[in-house]
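The structure appears right after this line, and notes come after that.
Every read-out reported here was derived from the displayed coordinates using simple, explicitly stated rules and does not represent laboratory data. Please read these numbers as outputs of a predicted model, since none were measured by experiment. Note that each Cβ is placed from the backbone with ideal geometry, even for glycine, and that neighbours are counted across all protein chains shown.
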Amino acid sequence: MTALGLLYPGHSAEDDYPRIEQLLGSDIRVDVVHIDPGGTEAGERLAARVAELRLAGADAVVWACTGGFGYDWEGAQQQVRALARAAGLPASATSFGFVHAARELGVRRVAVGTACPDDVAALFADFLRAGGLEVTGVRCSGGVTAAEAGTWGEEEVLTLARAADVSGAEAVVLPDTALHTAAHLSLLERALSKPVLTANQVTVWEGLRLADRRVNAPALGTLFSREPLVQA
């Protein structure tokens, strides 16, 4: 059994995770602990909750957040290192998961579609660039709240992905953990004819990467459907 511990901000699309767990169809457990979405620091607020995941037997911990980028690349690394020390386990964040996932697929040019405000989206694009990716474009939906994004269905998510996709992009990135996307990945990739990386999908994949697990689950998109190009 491989157990993943996820720290999830607020309550929006956390029901994606049991769906992903089911689609993995393997001996993998995904445990979710909720955390106050205010701020992004990895200090006492994250450390206070990570004990629950450690006691539950987690093999790795992922901070399921891409929305608040008060940190540059190095600052985000410090945040994750602090989380790893508090957990006593391998740790990462969804933001780093996107960079690692793109490398895994061998893609460098990505387009971003997000429900976040323009300023937050710009910070996320800068983060991807710091990770060595080329951002071909950023499409924002006008600053929808996490609660509103959590109500979006297949049509709204597909509209966002199509609007984000631009010529030259090798993959489309949807970085909002508030979006339900687990049930729509096959449709998104068929519609765009390219890999689509979504926050909750990538969060689980990043946890599996930390735990040195590879699982073939085509319903979860190209990321879960091919041999890894990068070793864990």
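General remarks:
- Estimated dipole of the chain in Debye, rounded to 20 [Cβ of Lys and Arg +1, of Asp and Glu -1, Cα centre]: 600 debye
- Relative to the globular-protein estimate of 2.2 N^0.38 Å, the Cα radius of gyration of the range 100-198 stands at 0.98.
- Estimated [θ] at 222 nm from DSSP helical runs (n ≥ 4, -39500 (n - 2.57)) normalised by residues in the chain, nearest 500: -12500 deg cm²/dmol
- Counting neighbouring beta carbons within 10 Å and listing from fewest to most, the residues 193, 186, 141 come out as 193, 186, 141.
- Between 173, 184, 132, the Cα set farthest toward the positive side of the dipole of the range 100-198 (charges on each charged residue's Cβ, about the Cα centre) is that of 132.
- Additional length obtainable on full extension of the chain from residue 1 to residue 159, 0.36 nm per residue less Cα span: 53.1 nm
- For the pair residue 56 and residue 212, the difference between a 0.36 nm per residue extended length and the Cα-Cα distance amounts to 54.3 nm.
- Between residue 225 and residue 22, the contour length at 0.36 nm per residue exceeds the Cα-Cα span by 71.5 nm.
- With eigenvalues of the C-alpha gyration tensor scaled by 5 and rooted, the range 88-131, Å: 20, 15, 8
- Between the alpha-carbon centres of the range 129-159 and the range 160-232 there is a gap of 14 Å.
- Residues 8, 17, arranged from fewest to most other Cβ atoms within 10 angstrom of their Cβ, appear as 17, 8.
- The range 98-121 residues near the modelled residue 147 label - backbone nitrogen below 18 Å, point 7 Å along Cα→Cβ: 115-117
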